[in-house]
Amino acid sequence: MTNKDIVQRALSELITTGGTDGLRPLLSDGFAHHRPDGTSSTKTEWLDAVQAALTPLAGMQVEIRHLLADGDHVVLHTRRRLPDGPEIAVVDIWRIDDGLLAEAWEIIEPVARAAANLTWWEPAGV
């Protein structure tokens, strides 16, 4: 199984089962999930957070735009939309170690607000 296959399997487990039970064995015991704000969570903390999010996210459509692998890293770019909700762009970077997901980094951006983030370096009020 390639590293891309491992990431696709993890995403499929979430989407098809609506739960995290099938995802748990795909994560290493030392799994760490990192957010842009510098926080991170352990395997158990992240799985609990994902499980809690699955109910409000029921019915979400996920379109894979890019799935790229380089060595032990896989980048997954998706567009996601709730049935009556906003569309978001998500980039997940996964590090694979010994056939398991060992680390993840995630960036989420609401598509409707993307233009506002194109000039993030300009001072407020300009």
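The residues of the chain have, on average, 63 Å² of accessible surface per residue, using a 1.4 Å probe with all protein chains present. Quick one: pull the percent of accessible area on the stretch 3-113 belonging to carbon and sulfur, 1.4 Å probe, ligands and nucleic acids left out. Using a 1.4 Å probe with all protein chains present, the stretch 3-113 comes out at 51 percent carbon and sulfur. Ranking 62, 47, 31 by Cα position along the charge dipole of the chain, where only Lys, Arg, Asp and Glu carry charges on their C-beta atoms, puts 62 farthest toward the positive end. Full extension of the chain between residue 87 and residue 5 gives 27.0 nm of extra length, using 0.36 nm per residue less the Cα-Cα distance. Compared with the dominant Cα axis of the chain, that is its longest principal axis, helix 43-54 is turned about 60°. Rounded to the nearest 10 degrees, the inclination of helix 3-17 to the longest alpha-carbon principal axis of the chain is 80 degrees.
When you restrict to C-alpha pairs under 8 Å that are six or more residues apart and normalise by the size of the chain, the relative contact order lands at 23 percent. Rounded to the nearest 20 debye, the dipole magnitude of the chain is 320 debye, with +1 charges on Lys and Arg beta carbons, -1 on Asp and Glu beta carbons, and the Cα centre as origin. To the nearest 0.05, how large is the calculated FRET efficiency for residue 53 and residue 77 if R₀ is 22 Å and r is the Cβ-Cβ distance? Approximately 0.70, to the nearest 0.05. Compactness of the stretch 57-126 was expressed as the Cα radius of gyration divided by 2.2 N^0.38 Å, which yields 1.38.
If R0 equals 41 Å, the separation of the Cβ atoms of residue 60 and residue 122 corresponds to a calculated FRET efficiency of about 0.80.
The values are calculated or read from the model by the stated rules, or taken from the named source; none is laboratory data. This one's a predicted model, so the numbers in the text were calculated from it and none came from an experiment. When we count neighbours, we look across all protein chains shown, and the Cβ atoms used for this are built from the backbone with ideal geometry, even at glycine. The protein model used for the area step is the full one, side chains on, heavy atoms only, and it has no ligands, DNA or RNA in it. Shrake-Rupley method; radii C 1.70, N 1.55, O 1.52, S 1.80 Å.
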